[in-house]
Amino acid sequence: MIDIHCHILPEVDDGPKSWDAAQEMCRMAVTDGIMHIVATPHANNRYHYDRDYLSGLLEHLRGLVGDAPELSLGCDFHLSYENLQDVLASPERYVIGNTNYLLVELSNYSIPAQISDCFIKLGDRGITAVLTHPERNPILQQSPQRVLDWVEQGCAIQVTASALTGSWGERTQGVAKWLLERDAMHILASDAHDTKRRVPVLSAGRDAAAEICGIEIAQALVEKNPLAVISGQPLPYFPKPVMKS
């Protein structure tokens, strides 16, 4: 399996507080069957995102953990006006590895009225937005239909694996299932931050997805589609969303 959203680098955001914790997270991931992790430090007003500096930290972590898991760099990109202007000017600063995929996080407190135009601008720049954990967003929990519209625009949807198992509560789990049943979920990722509560585990979420949509689609969510992301290829599983209530 491949985890494209994981806060694995220590001391840069609200992820692990030490290199020991980061190494333990890597061991947990490998034990779960995760062979590649994309390190995704926050890029927002609270946490400054310095690609060169973070690349150095990633290289240090590689030296500590060896060949497993493989590691690459992306970011947890908060969609703000300033960030949008910067990524349009320099997409290579924020995308996953050397690909055209960008993890995009929306605010829990407000979603820009022109959000569709933002996705269009990213697409015009050759960037494929991967919308992170919409099932956990309080605004989108009230109107998940909006997510289907963005999929129609070409956005990929990444859901937190533990949301499908109920770790974030019944409401979040219900929205995650709603998206999956409507073919509007493309990737499961851990969004791990630590070794206790938000852990780097995908297998439980994959198994929960398999019970809903079958093992073939569940495997696409944790294997084939994430592999396409880190390889910069089109997603092999990207059906037209089911536009039903």
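The values are calculated or read from the model by the stated rules, or taken from the named source; none is laboratory data. Model, not experiment: these values are computed from the prediction. Virtual Cβ from ideal backbone geometry, glycine too; neighbours counted across all protein chains shown.
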Do the conditions hold for Arg62, that is, is it surrounded by fewer than 20 Cβ atoms within 10 Å (Cβ to Cβ), under 18 Å from Ile230 (Cα atoms) and among the basic types (Lys, Arg)? yes
When both residues are 6+ apart or on different chains and their Cβ atoms are under 9 Å apart, which pairs have a first residue that lies in the range 211-226 and is among the acidic types (Asp, Glu), and a second that is part of a helix (DSSP H, G or I)? Glu211/Ala218; Glu216/Ala210; Glu223/Arg206
Looking at the range 1-46, which of its residues are surrounded by fewer than 19 Cβ atoms within 10 Å (Cβ to Cβ), closer than 27 Å to Ile217 by Cβ and in contact with an Asp or Glu (Cβ under 8 Å, 6 or more places away or on another chain)? Met35, His36
Considering every residue within the range 213-223, establish whether at least one is modelled with pLDDT of 95 or more, within 13 Å of His5 (Cβ to Cβ), among the aliphatic types (A, V, I, L, M) and within 15 Å of the chain's Cα centre (by Cα). yes
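Let's see how each residue does on (1) touching a strand residue (DSSP E or B) at 6+ places or on another chain (Cβ under 8 Å); (2) under 17 Å from Val130 (Cβ atoms):
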| position | (1), (2) |
| --- | --- |
| Met28 | no, no |
| Met35 | yes, no |
| Ala39 | yes, yes |
| Gly63 | no, no |
| Pro69 | yes, no |
| Asn83 | yes, yes |
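Looking for whichever is in contact with a Lys or Arg (Cβ under 7 Å, 6 or more places away or on another chain) and closer than 24 Å to Leu227 by Cβ here; the options are Arg51, Arg27. Which one fits? Before the answer, list the steps.
Numbers: Arg27 fails: in contact with a Lys or Arg (Cβ under 7 Å, 6 or more places away or on another chain).
Arg51 is the lone residue from the list that is in contact with a Lys or Arg (Cβ under 7 Å, 6 or more places away or on another chain) and closer than 24 Å to Leu227 by Cβ.
Could you please find all residues in the range 85-98 being surrounded by fewer than 19 Cβ atoms within 10 Å (Cβ to Cβ) and either among the charged types (D, E, K, R) or in a helix (DSSP H, G or I) (or both)? Let's see the steps before the verdict.
Filtering the range 85-98 for residues surrounded by fewer than 19 Cβ atoms within 10 Å (Cβ to Cβ) gives 85-86, 88-93, 97-98.
Across the range 85-98, the qualifying residues are Gln85, Asp86, Leu88, Ala89, Pro91, Glu92, Arg93.
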